[in-house]
Amino acid sequence: MDEHKIPLEELYRIVHSSEKGLSSEEAKKRISKYGENIIQEKDHVPLILKFLKHFTNFFALLLLFGSGLAFFAEYIIPGEGNLYIGIALLIVVFLNAIFTFIQEYQSEKIMEGFKNMMPVKIQVLRDNTKQEILAKDLVPGDIMFLNEGDKIPADARLIDQHLLKVDHSSLTGESEPQLRSIEYTHRDILESRNMIFSGTLVQSGTGIAIVYNTGMNTQIGRIANITKQTKKAISPLKKELQHFIKIISTIAIVLGVVFFLVSIALGNMMIGSLIFAIGIIVANVPEGLLPTVTLALSMASKKMAKKNALIKNLESVETLGSTTVICTDKTGTITQNKMSVHSLFLNLSEIGEKENPTRIDGFDKAMSVAVLCNNSKLDRKKNYLGDPTEGALLVFANHYLNIDKFNSDNPRLDEKPFDSDTKRMITVNRYKDNRTAYLKGAPEVVLEKCNKILINNRLENLDDNFKKIIESHYKNMSSRGERVLGLAYRDCPEKVEEKNFIFVGLLGIIDPPRPEISAAIAKCKEAGIKVIMITGDYSLTAEAIARKAGIIEEGSRSNIITGEELSRMDVDELRTIVNKSNLIFARTSPIQKLRIVQALQANGEVVAVTGDGVNDAPALKNADIGVSMGIIGTEVAKEASNMVLLDDNFATIVNAVEEGRTIYSNIKKFIAYILTSNVPQILPFIAFVLLGIPLPLTVVLILAIDLGTDLIPALGLGSERPESDVMREAPRSKKERLLSPQLLFISYGIVGMLQAAAGFFAYFYVLFAGGWTWGTELAMTNPLYMKAVTAFFASIIICQIPDVLICRTRKQSVFKQGIFRNKLVWIGIVAELLLLWFIANTATGNALLGTHSLTIFEMLLAVPFAIAIFIFGEVRKLLVRKDNVFFKKYLTW
């Protein structure tokens, strides 16, 4: 429907209304037909159900099942420690559920942003009288009255207005409030000045409008609907953790079932075999993994917040690290968002930097156009309020004129406002008792409306030769990244006609790239990340800034696609286009970002996209990582995004990418660390069944390792600083797994086996030294058995110390990284040694966990194995650093 184009009488007919508005009775009927004027939430799920769903994932169900078995075993055979196992597993499940629920709760507020844009009350014409109603009761056909400061509650067409200006920035991104009109001015409904839209703000003036759409049928309602229907991309980390948990859980269940059957086959009792199977499952599942991941991500997000990147969803930290494409805005992100006049072209030549412009003929006339044909203002501190381009003109002119006095001496009589269709602004002012029209706009538009040119204070005909000189200079200015405006004027005794203007000159305004942007872009390229600029600016300006920033390399040809060209492309064409290098999308609308993002994702890319307006919300939500602007961004954009840039700076995104890569690497490190202790936890149960020896390690001590001694060192690995090559590698492949075959082989097959060997060595040493002979059964309360079990436990802890040190780096030597540099790792090492001492050598620890005190010598029985683990780790990394394909393939995890 072209509500902005059709005659007003036809619109009245379509909405079944008139200039008299509706009756109260008719309005009630329409509420039943159209519904309340609200932004609706989709499929509201109670908070309790959102919380409970976190108990239904495979990992949680496995632990709940294990907990249930432990409670059952405690019921059958009390006093064996199974009660503690059941409680510990339940605590783990609840902690994981709480962590995840809090993350999701904080990141699912997007609809609140839309709802907050809706006003509470509005004045309407009902029963031939003006009355105030709740905005939610507004219906199509209502006549509503608008005043300064009102938040517009519905989409409507103006039927009357007086100097009405509306701020559309939340919807269209236009920074300057636009003057409204009752006339149709643009083929695009969002830019036609006879239309007003829900969620926008009346800055000044008054108006009367006929409502034609309410609620979810408004422009903002449609965007809200698109945003709701847009699926939030599942983070790569979430996929990897799900994959990791499935593999580990499957291994745990298979081993548990197999050895349960083996135990029964060997003649053991059902209950004993069941308890044994529980031990196998508990030993295999790294119960502390998800709390460790969550805490590590939380630490990383706090670190990023100090660097002006506010992370809303913890998993987004790692998603940044796997980003392959960054789609970025230009203004304020690549550039400084500080517009300033950079060049002035008068009398067919550019004024030199060292020239005094006040001595140049025509300068006073250029300043008259720049100041009077302008809707921005300067505050007391001489900072501009309004559109940045117009503000830059005033800041420049303020050096040569008293702006306030000049405006008051030459009052405005009329205005034809700027829009993207006409690309010009015209004002009529009283200038020295004459009516003078001032024209400012795109150079090609201004030239079309001129027939004369002012050269050295003389009027000459604007012939084709002069036009060629001006056009050539305009293109040259644009190629430097300047936004170029043409300036002109004419006498205007009556109604202004858009012809016969006198051309004065050109003004070049530049928003320079941020000083740090070139280094940031170079860092992206070195890291294998493609950067695509998406801007609403002109292609020449965009290309110039892209070249200065390094997005397009010197000597390379750019690929520039305009919004008009994009609108004609089908999905396959766009997927082909986005594969090109040196790519810029110019003159695009925010809603077109969604198509670009989806095309990139269809090509297998992990996409980060920046945005600041309401219209950006679908693209921000659909992207793998949505990045909103903290300074100029709307609340809706911030809610739809995963990360908010507190300084609106592209370099902050690059720093966040580095942090994301680091955290993924660190998660791999503490997975490798946690998994190695699985082997010495599993093998005692297998030896117990197959060899008939007393069980070398109890389930309670396994939990003491997984949820006690391992936790702080693992967190230390999560906070490890990046290795030197983290931003010199290509983004990780989607096929790369957290749990790779190489990691499993090294953790289970080598380091884990060394730890198990250390444990069995200490266990049998204590047994044999105490007089035990093979085949002799020992009660769980036998001091010799308790001492041997404690020695096995102590051996795992001792071996985990070199393990955590070698896991700090994947390729570099730990000595290069700084062996004492990670304080949290060393705090963890001290903590686990203190916990070992408490468990082994205190009466409380002995009573709680069924342990026995050890001598210093017995505690250190595992040291030779620990040294072997450290040497292996350093040798492995040395071989990986060698330029050898075999070592890199099979020894890199």
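Residue-wise test of (1) within 33 Å of the chain's Cα centre (by Cα); (2) closer than 19 Å to residue 134 by Cα; (3) of a type outside the set (Asp, Glu).
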residue	(1), (2), (3)
19	no, no, no
49	yes, no, yes
53	yes, no, yes
58	yes, no, yes
66	no, no, yes
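For region 34-56, a residue qualifies if it is open to solvent by 70 Å² or more (accessible area, probe 1.4 Å) and either touching a strand residue (DSSP E or B) at 6+ places or on another chain (Cβ under 9 Å) or in contact (Cβ under 8 Å) with a residue 60 or more places away in the chain (or both), and the qualifying residues are 34, 36, 40, 41, 42. When 102, 31, 38 are checked against the criterion of being in a helix (DSSP H, G or I) and within 30 Å of residue 311 (Cα to Cα), 102 stands alone in meeting it. Residues of region 581-601 that are at pLDDT below 90 and either surrounded by fewer than 22 Cβ atoms within 10 Å (Cβ to Cβ) or among the polar types (S, T, N, Q) (or both): 587, 588, 589, 591, 592. Note on region 788-813: residues that are closer than 24 Å to residue 847 by Cα and open to solvent by 50 Å² or more (accessible area, probe 1.4 Å) amount to 0. Given the condition part of a helix (DSSP H, G or I) and closer than 14 Å to residue 694 by Cα, answer yes or no: does some residue in region 814-824 qualify? Looking for residues that are part of a helix (DSSP H, G or I) and closer than 14 Å to residue 694 by Cα, one finds none in region 814-824, hence no.
Residues of region 117-162 that are charged (D, E, K, R) and free of Cβ contacts under 8 Å to residues at least 60 places away in the same chain: 121, 130, 132, 148, 150, 151, 160.
I want to confirm something. Restricting to region 602-615 and keeping residues that are farther than 10 Å from residue 638 by Cα and in contact with a strand residue (DSSP E or B) (Cβ under 8 Å, 6 or more places away or on another chain), which single residue is most open to solvent (accessible area, probe 1.4 Å)? Once the filter is applied, the top-ranked residue is 605.
Being assigned to a helix (DSSP H, G or I), in contact (Cβ under 8 Å) with a residue 40 or more places away in the chain and more than 37 Å from the chain's Cα centre (by Cα) narrows it down to one residue among 70, 97; which is it?
So the residue among 70, 97 that is assigned to a helix (DSSP H, G or I), in contact (Cβ under 8 Å) with a residue 40 or more places away in the chain and more than 37 Å from the chain's Cα centre (by Cα) is 70.
Pairing residues of region 502-513 that are farther than 12 Å from residue 454 by Cβ and of a type in the set (Asp, Glu) with residues that are open to solvent by 10 Å² or more (accessible area, probe 1.4 Å) and part of a loop (DSSP other than H, G, I, E, B), at Cβ distances under 8 Å and at least 6 apart in sequence or on separate chains, gives 511/331; 511/336; 511/337; 511/338; 511/339.
Do you know which of the residues in region 184-205 that are under 16 Å from residue 135 (Cβ atoms) and touching a His at 6+ places or on another chain (Cβ under 8 Å) is modelled with the lowest pLDDT?
Only one residue fits best here, namely 200.
Of all residues being modelled with pLDDT of 90 or more, open to solvent by 60 Å² or more (accessible area, probe 1.4 Å) and part of a loop (DSSP other than H, G, I, E, B) in region 390-445, which is nearest to residue 194 (Cα to Cα)? Just the residue, please. Only one residue tops the list, namely 402.
Among (1) closer than 22 Å to residue 707 by Cβ; (2) part of a loop (DSSP other than H, G, I, E, B), there is one condition residue 789 misses while meeting the rest; what is its number? For residue 789, the failing item is (2).
Reported count of residues in region 206-244, each being among the hydroxyl-bearing types (Ser, Thr, Tyr), surrounded by fewer than 20 Cβ atoms within 10 Å (Cβ to Cβ) and at pLDDT 75 or above, is 1.
Each residue in region 276-330 was checked for being among the hydroxyl-bearing types (Ser, Thr, Tyr), within 22 Å of residue 714 (Cα to Cα) and in contact with a strand residue (DSSP E or B) (Cβ under 6 Å, 6 or more places away or on another chain), and 3 pass. Among the residues making up region 831-890, those that are in contact (Cβ under 8 Å) with a residue 60 or more places away in the chain, part of a helix (DSSP H, G or I) and β-branched (Val, Ile, Thr) are 839, 863, 867, 869, 880. Which condition number does residue 384 fail, the rest of (1) open to solvent by 40 Å² or more (accessible area, probe 1.4 Å); (2) of a type in the set (Ser, Thr, Tyr); (3) touching a residue at least 24 places away in the same chain (Cβ under 8 Å) being met? Going through the list (1) open to solvent by 40 Å² or more (accessible area, probe 1.4 Å); (2) of a type in the set (Ser, Thr, Tyr); (3) touching a residue at least 24 places away in the same chain (Cβ under 8 Å), residue 384 breaks only (3). Among residues of region 128-173 being within 30 Å of the chain's Cα centre (by Cα) and assigned to a helix (DSSP H, G or I), the one that is surrounded by the fewest Cβ atoms within 10 Å (Cβ to Cβ) is 169.
For region 245-273, taking the residues that are buried (at least 20 other Cβ atoms within 10 Å of the Cβ) and in contact (Cβ under 8 Å) with a residue 40 or more places away in the chain, the one that is farthest from residue 695 (Cα to Cα) is identified as 245. Among the conditions (1) in contact with a His (Cβ under 9 Å, 6 or more places away or on another chain); (2) open to solvent by less than 20 Å² (accessible area, probe 1.4 Å); (3) modelled with pLDDT under 90, residue 737 misses just one, which is (2).
For region 860-887, give me the residue count where each residue is under 29 Å from residue 85 (Cβ atoms) and either under 37 Å from the mean Cα position of the chain (by Cα) or open to solvent by 20 Å² or more (accessible area, probe 1.4 Å) (or both).
Our first condition is that a residue be under 29 Å from residue 85 (Cβ atoms); within region 860-887, this holds for 861-862, 865-866, 869.
Adding the requirement that they be either under 37 Å from the mean Cα position of the chain (by Cα) or open to solvent by 20 Å² or more (accessible area, probe 1.4 Å) (or both) leaves 865.
Here the count works out to 1.
Listed by position, the helices (runs of 4 or more DSSP H) inside region 459-566 whose residues that are buried (at least 17 other Cβ atoms within 10 Å of the Cβ), among the aliphatic types (A, V, I, L, M) and within 24 Å of the chain's Cα centre (by Cα) number at least 2 are 517-526, 539-549. Of the strands (runs of 3 or more DSSP E) lying entirely inside region 285-350, those carrying at least 2 residues that are within 25 Å of the chain's Cα centre (by Cα) and either modelled with pLDDT of 85 or more or surrounded by fewer than 24 Cβ atoms within 10 Å (Cβ to Cβ) (or both) are 309-311, 325-328.
The values are calculated or read from the model by the stated rules, or taken from the named source; none is laboratory data. Since we're looking at a predicted model, the values are computed, not measured. Here Cβ is always computed from backbone atoms with ideal geometry, including for glycine, and neighbour counts include all displayed protein chains. Only protein heavy atoms, including side chains, enter the accessible area calculation; ligands, DNA and RNA are left aside. Shrake-Rupley method; radii C 1.70, N 1.55, O 1.52, S 1.80 Å.
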